[in-house]
Amino acid sequence: MKAYLALAAALLWAPAFAETRTIGTLGQVPLVEALDTADLPAAKTSRFWFQGGDTAIGQHWLVPVIVIKGARPGPRLLLTAGIHGDELNGIGIIHRLVGMIDPTTLAGTLVAVPGLNPPGLLQNTREFASDDSRSAANLNREMPGDPQGNYVAQHAGLLWQKLLRPNADLAVDLHTQSRGTAYVLYAFASTAQTQRMAGLMAPDVLKLDRGEDGTVENELTRAGVPAITLELGEPGRFDEAMIARGTAGILNLMRERKMLAGNVVEPPANMVTGNSLAVITAPRGGWATLAAPLGSKVEEGQTIATMADAFGRVTDTLLAPRSGTIASAFTDPRRERGSLIVRIIWQNEAPECRYGCP
């Protein structure tokens, strides 16, 4: 039985290598249903529309892909963005990087996908397209998907089998915080190898985290492709400072992997590393005021925020349950009961919590 399960797992995670299959053009850009960067010319930038899952009106979601294939062999770095449709800074980073990298001086291949979730991007929402119940799935919990599954699983499965997994030796998935909240520059890592990758991004906070099933980061890492998640500020806009920092971090990673020439900048000495979070949520609906700003260090018992009712009367004073650093916080003062006020990151020294507590 164990041998059977091992074989099944190997087949599940095996990359679905297939030659690039072009099925047409759209605005002079090739439309493909499968991509293999080995088929592409060296020392050149290529652009494609990738045909994803089908929609309720019998069309397909189209995903933009940019491939910069270097003049010399090297690793394939996969960059993904927009799997949550209101998280935009990663798209800005990819657009900037593509304009900076000369394929004639590149070793290896940069595979950039600035918009995994077309319906979410169109609707400015975190989620994928809604179903008949008007509920919508989180595409970043659906990997590796299933091309024969329902509409969400199909889109995820096509992305995974025909685009992402076959064209990656390492990966960075680009995000922001969710609506109404913001992160510092925040990286997730789940292994020693990905911890190094995350540190090269020069984040304010590096969270060692076992992650969740179905995410791009964790499923790629599980499949043998070291991957990190990089969170950059808040949703719904291009933040110039975050885009510049994220771009610099990816270039630094490329230098370490010998894709680009130049010196590698080591992780900053003041980078906060932690493996546990203390989450403070709103005890009731009302108006919140932050007393300790995003990124600040706090002590246990310190006032973090206050809540007020519709008349401005303070109803609650929220205290830090432990010492640490505020890694994310609300930006919209209208807080529903149970919604995020802040997350405080701290280091749990228990051996089982090295890469996040189980």
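Any chance you could count how many residues in the stretch 43-67 are part of a loop (DSSP other than H, G, I, E, B) and either without any contact (Cβ under 8 Å) to a residue 60 or more places away in the chain or more than 30 Å from ASP102 (Cβ to Cβ) (or both)?
Residues in the stretch 43-67 being part of a loop (DSSP other than H, G, I, E, B) and either without any contact (Cβ under 8 Å) to a residue 60 or more places away in the chain or more than 30 Å from ASP102 (Cβ to Cβ) (or both): 5 in total.
Taking VAL98 as the residue in question, decide whether it is surrounded by 22 or more Cβ atoms within 10 Å (Cβ to Cβ), at negative phi, within 20 Å of the chain's Cα centre (by Cα) and not aromatic (Phe, Trp, Tyr).
Answer is no for this residue.
Residues to consider are THR221, THR194, THR215; find the one that is within 19 Å of LEU77 (Cα to Cα) and touching a Lys or Arg at 6+ places or on another chain (Cβ under 7 Å). Before the answer, list the steps.
On the way: THR221 fails: touching a Lys or Arg at 6+ places or on another chain (Cβ under 7 Å); THR194 fails: touching a Lys or Arg at 6+ places or on another chain (Cβ under 7 Å).
One residue alone meets the criteria, THR215.
Could you grab me the full set of residues in the stretch 323-358 that are in a loop (DSSP other than H, G, I, E, B), more than 24 Å from the chain's Cα centre (by Cα) and either on the phi > 0 side of the Ramachandran plot or surrounded by 14 or more Cβ atoms within 10 Å (Cβ to Cβ) (or both)?
SER323, PRO333, GLY338, ASN348 - these are the residues of the stretch 323-358 that are in a loop (DSSP other than H, G, I, E, B), more than 24 Å from the chain's Cα centre (by Cα) and either on the phi > 0 side of the Ramachandran plot or surrounded by 14 or more Cβ atoms within 10 Å (Cβ to Cβ) (or both).
Tell me which residues, restricted to the stretch 184-224, are out of contact with any helix residue (DSSP H, G or I) (no Cβ under 7 Å at 6 or more places or on another chain), in a loop (DSSP other than H, G, I, E, B) and open to solvent by less than 30 Å² (accessible area, probe 1.4 Å).
Listed by number, the residues that qualify are VAL184, PRO203.
Could you list all residues from the stretch 267-316 that are of a type in the set (Lys, Arg), part of a strand (DSSP E or B) and touching a residue at least 40 places away in the same chain (Cβ under 8 Å)?
From the stretch 267-316, those of a type in the set (Lys, Arg) are 284, 297, 313; that's our starting set.
Retained after the next criterion (residues that are part of a strand (DSSP E or B)): 297.
Scanning the stretch 267-316 gives no hits.
Determine which member of the set THR20, THR45, THR80 is under 19 Å from the mean Cα position of the chain (by Cα) and hydroxyl-bearing (Ser, Thr, Tyr).
Details: THR20 fails: under 19 Å from the mean Cα position of the chain (by Cα); THR45 fails: under 19 Å from the mean Cα position of the chain (by Cα).
Of the residues listed, the single one that is under 19 Å from the mean Cα position of the chain (by Cα) and hydroxyl-bearing (Ser, Thr, Tyr) is THR80.
Return only the number of the condition from (1) open to solvent by less than 10 Å² (accessible area, probe 1.4 Å); (2) closer than 15 Å to VAL111 by Cα; (3) hydrophobic (A, V, I, L, M, F, W, C); (4) touching a helix residue (DSSP H, G or I) at 6+ places or on another chain (Cβ under 8 Å) that LEU232 does not satisfy.
(2)
Please find, within the stretch 1-45, the residue that is modelled with the lowest pLDDT out of those that are under 23 Å from VAL63 (Cβ atoms), surrounded by 10 or more Cβ atoms within 10 Å (Cβ to Cβ) and of a type in the set (Gly, Ala, Ser).
This residue is ALA14.
Quick one: which of ALA292, ALA320 is over 24 Å from the mean Cα position of the chain (by Cα) and closer than 28 Å to LEU200 by Cα?
Testing whether each residue is over 24 Å from the mean Cα position of the chain (by Cα) and closer than 28 Å to LEU200 by Cα leaves just ALA292.
Name the pairs: first residue in the stretch 104-133 and closer than 15 Å to TRP61 by Cβ and surrounded by fewer than 23 Cβ atoms within 10 Å (Cβ to Cβ), second residue among the acidic types (Asp, Glu) and at pLDDT 95 or above, Cβ to Cβ under 8 Å, at least 6 apart or on different chains?
The qualifying pairs are THR125/ASP86.
Which one is nearest to PRO73 (Cα to Cα) among residues in the stretch 141-155 that are open to solvent by less than 20 Å² (accessible area, probe 1.4 Å) and out of contact with any helix residue (DSSP H, G or I) (no Cβ under 6 Å at 6 or more places or on another chain)?
Of all residues in the stretch 141-155, those open to solvent by less than 20 Å² (accessible area, probe 1.4 Å) come to 143, 152-153, 155.
Still in the running and out of contact with any helix residue (DSSP H, G or I) (no Cβ under 6 Å at 6 or more places or on another chain): 152-153, 155.
Details: VAL152: 35, ALA153: 34, HIS155: 31 Å.
It comes out as HIS155.
Among the residues of the stretch 271-290, write down those that are surrounded by fewer than 14 Cβ atoms within 10 Å (Cβ to Cβ) and closer than 19 Å to GLU349 by Cα.
Correct list: VAL279 only.
Filtering the stretch 156-182 down to residues that are in a loop (DSSP other than H, G, I, E, B) and open to solvent by less than 30 Å² (accessible area, probe 1.4 Å), which residue is nearest to GLY90 (Cα to Cα)?
Checking each candidate, the answer is THR176.
Looking only at the stretch 78-130, count how many residues are among the aliphatic types (A, V, I, L, M), assigned to a loop (DSSP other than H, G, I, E, B), in contact with a Lys or Arg (Cβ under 9 Å, 6 or more places away or on another chain) and over 20 Å from TRP49 (Cα atoms).
Total meeting the criteria: 1.
Consider ARG255 against the criteria (1) assigned to a helix (DSSP H, G or I); (2) open to solvent by 40 Å² or more (accessible area, probe 1.4 Å); (3) touching a strand residue (DSSP E or B) at 6+ places or on another chain (Cβ under 9 Å): it satisfies all of them except one. Which criterion is unmet?
Failing condition for ARG255: (3).
The values are calculated or read from the model by the stated rules, or taken from the named source; none is laboratory data. What you see is a predicted model, and the numbers here were worked out from it, not measured in a lab. Note that we place each Cβ from the backbone using ideal geometry, even for glycine, and neighbour counts take in every protein chain shown. Protein only, heavy atoms only, side chains kept; ligands, DNA and RNA dropped before computing areas. Shrake-Rupley method; radii C 1.70, N 1.55, O 1.52, S 1.80 Å.
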